Amino acid sequence: MKILIAEDDPYTRSGLMEVFEKEGHVTIAAESGEEAVELFGREKTDFVCLDIMMPGKNGYEVCREIRKRSADVPVLILSAKAEEIDRVVGLDIGADDYIVKPFGVKELLARVNAVYRRYQGRSASQATFTMNELEVSPSELRAFRGGLQIDLTGRDVKLLSYFAANRGKVVSRNELFDVGWGFDFLPTSRSLDQYISQLRKKIEIDPKNPRIIATVHTVGYRYP
């Protein structure tokens, strides 16, 4: 695959290029956020490795730009910023995984392969599907109810697709974290519940009485 590496440190950038090229991948590299956005728009990219602290546009801004253009390219953030809030922000804006520097080569390759496998398995899920009266179009990142158009994020679509594929089954929080974030949050985190609450406001006719994403107390959620 062709991997875009956005990293301003020349030693880290060349090291990443060497690691991926030894695995048979093609690499293209950017030294700044602006260059990363420009290369992403110009090149057919299969995967993005993205640093946060870069001159000009930072990695968060680049990730947002990428997600405006495509929900179909995996994004992995590689950063020295190790606080939980940094990881949460990165994942919430559309990154698929987050690795804190320094990291081992084997871990990096395992994470890249795991994220890429998830995307390869999504091709069939790009077809439009319905959930009650809601029609979800993954390729457009939109849902429709009658004449109403609802904008969705890539993570919204991942979660809705999983609920639709598992209709009637109770889906645990851990399953949803893996599907939507690919990242293990602390058990006390309320991030998922808050995210589901916001998603309900988008897709439910009456968010207080949901018919698409129902709560199963102490366990998780279910699409009835």
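What percent antiparallel are the DSSP beta bridges of the chain, to the nearest 5? The partial results should precede the final answer.
Details: 15 of 31 bridges.
So the antiparallel bridges amount to about 50 percent of the total.
How far is it, in nm, from the label point at T128 to the one at A110 when both lie 7 Å from their Cα along the line to the Cβ?
With each label placed 7 Å out from Cα toward Cβ, I get 4.2 nm.
Looking at region 1-45, which GluC sites (Glu not before Pro) are in a loop (DSSP not H, G, I, E or B) and have at most 14 other Cβ atoms within 10 Å? Each step should come with its number before you reach the end.
Details: sites: E7, E18, E21, E23, E31, E34, E35, E38, E43; in loops: E7, E23, E31, E43.
Those that pass, being in a loop and sparsely packed, are E23, E43.
Output wanted: per-residue J couplings in Hz (rounded whole) for region 152-159, from phi through Karplus 6.51 cos²θ - 1.76 cosθ + 1.60, θ = phi - 60°, x for Gly and Pro.
Per residue, the Karplus-derived 3J(HN,Hα) values read 10, 9, x, 5, 3, 5, 4, 5 Hz.
In sequence order, what are the phi-derived ³J(HN,Hα) couplings for region 38-47 according to the Karplus relation 6.51 cos²θ - 1.76 cosθ + 1.60 with θ = phi - 60°, rounded to whole Hz, with x for glycine and proline?
So the Karplus estimates, Gly and Pro as x, are 5, 5, 4, x, 8, 9, 7, 9, 9, 7 Hz.
Using only Cα atoms, tell me the angle between helix 59-69 and the longest principal axis of the chain; keep it within 0 to 90° and round to the nearest 10.
Between the helix axis and the principal axis of the chain, the angle is about 60 degrees.
In what sequence, highest mean first, do 97-104, 54-61 appear when ranked by Cβ atoms within 10 angstrom? If you can, show how the numbers build up before the last one.
Working: 97-104: 14.4, 54-61: 17.9.
Sorting 97-104, 54-61 by mean packing, highest first, produces 54-61, 97-104.
Over region 71-160, what is the percentage of antiparallel beta bridges among all DSSP beta bridges, to the nearest 5?
Details: 10 of 14 bridges.
Close to 70 percent.
In nm, to one decimal, how far is the R211 label point from the M1 one, both placed 7 Å along Cα→Cβ?
In this crude spin-label approximation the distance works out to 3.9 nm.
Which of V75, V179, V26 ends up with the largest GNM mean-square fluctuation for the chain, with Cα atoms connected below 10 Å?
Of V75, V179, V26, the Gaussian network model singles out V26 as fluctuating most.
Taking only Cα atoms, what is the 0 to 90° angle, nearest 10, from helix 191-203's long axis to the longest principal axis of the chain?
60 degrees
Using just the alpha carbons, could you tell me how many Å³ per residue the convex hull of the chain encloses?
Details: hull volume 28.1 nm³, N = 224.
Looking at the chain, the number lands at 126 Å³ per residue.
Looking only at region 124-222, where both bridge partners belong to it, what percent of the DSSP beta bridges are antiparallel (to the nearest 5)?
Values: 15 of 15 bridges.
Counting only bridges with both partners in region 124-222, antiparallel ones make up about 100 percent.
I need to check one value: relative contact order of the chain, counting alpha carbon pairs closer than 8 Å and at least 6 residues apart, in percent. Mind showing how you got there, number by number?
Details: 336 pairs, mean separation 28.2, N = 224.
Here the relative contact order equals 13 percent.
So what does the Cα-only Debye profile of region 124-222 read at q = 0.11, 0.17, 0.19 Å⁻¹, as log10 I(q)/I(0), no solvent term?
The Cα Debye sum returns log10 ratios of -0.30, -0.74, -0.93.
Throughout, read-outs are computed from the coordinates displayed, never taken from laboratory work. Just so it is clear, the structure is predicted and the values come from calculations on it, not from any experiment. Positions of Cβ are generated from backbone atoms using ideal geometry, with glycine treated the same way; all protein chains shown enter the neighbour counts.
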